[in-house]
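One structure is given here, and the rest of the page talks about it.
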Amino acid sequence: MISLRCCLPLCVCVVEWFFLGRQLPSLKSQGVLAGVLLTAGVYIMTDPSISFEGSFMGIVWLNVWFWLLVFQMTYGKHICDSVPMSQWERVLYTNALGVPWTLLLFFFFGEHHTLAKAEASAPMLTWVTLSLIFGVGISYTGWSLRVIVSATTYSLVGVLNKMATIAFNMIAFPSDTSVVGVMALVA
C-alpha cells in the first residue's frame, strides 16, 4: 500500500492531464515526484516487516483500491472546479455518499449484532462524538485544500501524511527501523 500510495501523484498528474486538460508537471516537478517514488521504494525494500508474498485476490483488491483512489483524487478536483457548492455542501455531500456503503458493510459483517449487545456509557458516547467531530473536521480541511491545489498536489500531501505516520511508527517501534529506511523517509 505504501508503494502504491507513493505512485499516486504520478498517476494522478497523468489522469489530470488526460481528462481535465491540465498541464503535465515541469521536468523539475516530475523529478521530485520520481524522487518520492524512489525513496519510498528504498524504504519499502529495507523494512523487514514488509512481505512481498500475497494472494492473487489481495493484489486484485489493492489495485481496485489504488485506481478508485486515483479516480477519487481527480474527480474530487473536478467537482471543486465545476460544481458550484459551498465548503459545507461538499463535506456533507461526500459524507452522505458514504452512508449507504457504511450501512451495507455494517449489516454484512454483523456489526449490528455487536451494537445490540453494547451498553451506552458516557466515555463511549464521548469517544464516538469526538470521532464524528474529528472526521468532519478532516473532511472539511481536505476539501479546503482541494479547492486551492491541483489533484496531484493534494495526492502528494497525502503521501507526505503517510510518511509522517511511518515516522511515528519508527519512533514507537524502533526495532523495526533501519538507518537506510530512516534516511529514505527523510529524503
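The values are calculated or read from the model by the stated rules, or taken from the named source; none is laboratory data. A quick note: this is a predicted structure, and the numbers were derived from the prediction, not measured. Heads up, the Cβs are rebuilt from the backbone with ideal geometry, glycines too, and the neighbour counts pull from every protein chain shown.
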- Number of the exception - Val32 against (1) at pLDDT 85 or above; (2) touching a Pro at 6+ places or on another chain (Cβ under 9 Å); (3) under 30 Å from Phe134 (Cα atoms): (3)
- Task: Run Gly137 past the list (1) modelled with pLDDT under 90; (2) surrounded by 10 or more Cβ atoms within 10 Å (Cβ to Cβ); (3) not acidic (Asp, Glu) and report the number of the one that doesn't hold.
- Result: (1)
- Filtered residue count, the range 88-115, keeping only those that are modelled with pLDDT of 90 or more, over 26 Å from Met73 (Cα atoms) and hydrophobic (A, V, I, L, M, F, W, C): 3
- Number of the exception - Thr126 against (1) among the polar types (S, T, N, Q); (2) more than 24 Å from the chain's Cα centre (by Cα); (3) surrounded by 14 or more Cβ atoms within 10 Å (Cβ to Cβ): (3)
- Note on the structure: Picked from the range 63-85 (must be closer than 10 Å to Ala151 by Cβ and of a type in the set (Val, Ile, Thr)), the residue surrounded by the most Cβ atoms within 10 Å (Cβ to Cβ) is Thr74
- Message: Being charged (D, E, K, R) and more than 22 Å from Val147 (Cβ to Cβ): is that true of Glu111 here?
- Response: yes
- Query: Ala40 passes all but one of (1) out of contact with any Cys (no Cβ under 6 Å at 6 or more places or on another chain); (2) surrounded by 10 or more Cβ atoms within 10 Å (Cβ to Cβ); (3) within 24 Å of Ala187 (Cβ to Cβ); which number fails?
  - Reply: (1)
- Among the candidates Thr165, Thr152, single out the residue that is surrounded by 14 or more Cβ atoms within 10 Å (Cβ to Cβ) and closer than 30 Å to Ala40 by Cα. Thr152
- Task: Determine if the range 45-62 includes at least one residue that is assigned to a helix (DSSP H, G or I), at pLDDT 85 or above and in contact with a helix residue (DSSP H, G or I) (Cβ under 6 Å, 6 or more places away or on another chain).
- Result: no
- Selected residue [touching a residue at least 12 places away in the same chain (Cβ under 8 Å), of a type in the set (Gly, Ala, Ser) and on the phi < 0 side of the Ramachandran plot] from Gly98, Gly58, Gly76: Gly76
- Do we find that Pro100 is surrounded by fewer than 17 Cβ atoms within 10 Å (Cβ to Cβ) and not hydroxyl-bearing (Ser, Thr, Tyr) in this structure? yes
- Message: Cβ contacts < 6 Å: first residue closer than 20 Å to Ala34 by Cα and modelled with pLDDT under 85, restricted to the range 157-176; second residue part of a helix (DSSP H, G or I) and of a type in the set (Lys, Arg), any location; separation 6+ or different chain. Result?
- Response: Val159/Arg5; Lys162/Arg5
- Item | Unmet criterion (only one of (1) part of a helix (DSSP H, G or I); (2) over 19 Å from Thr141 (Cβ atoms); (3) of a type outside the set (Val, Ile, Thr)) for Gln72 | (2)
